[in-house]
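The values are calculated or read from the model by the stated rules, or taken from the named source; none is laboratory data. Keep in mind the model is a prediction, meaning the values are calculated, not measured. So basically every Cβ, Gly included, is an ideal-geometry build from the backbone, and we count neighbours across all protein chains shown.
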Amino acid sequence: MACGRCGGLMVVETICAEAKESWGLDLPVTRCLNCGNIEDPMIRWHRVMRTACGQAVRQAEDIERTLDDCSLNESSTRGDHEWLRQANSRGR
């Protein structure tokens, strides 16, 4: 596994001796051998969610821009249709 900060090698470690003594929990984390960056499962989950949410927001913005472009095109077409309707109503 590569470090998200420096690209270095991440190794699995268990930390928080207090948590193990108090609750019997081992907290597995990954630590970068180069920069010392420590990540636990919760940190990784939050990063994944932030990335996924950011992608969803960007996709929604792209869709919104596309819809805006379509509505602009439709409004110019709608104007042409309105002109045709008025011309037809005058001819009746």
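Residues that are modelled with pLDDT under 90, under 13 Å from Glu13 (Cβ atoms) and hydrophobic (A, V, I, L, M, F, W, C) within the range 23-43 comprise Leu27, Val29, Ile38, listed in sequence order.
The set of residues from the range 29-50 being basic (Lys, Arg) and not in a strand (DSSP E or B) comprises Arg44, Arg47, Arg50.
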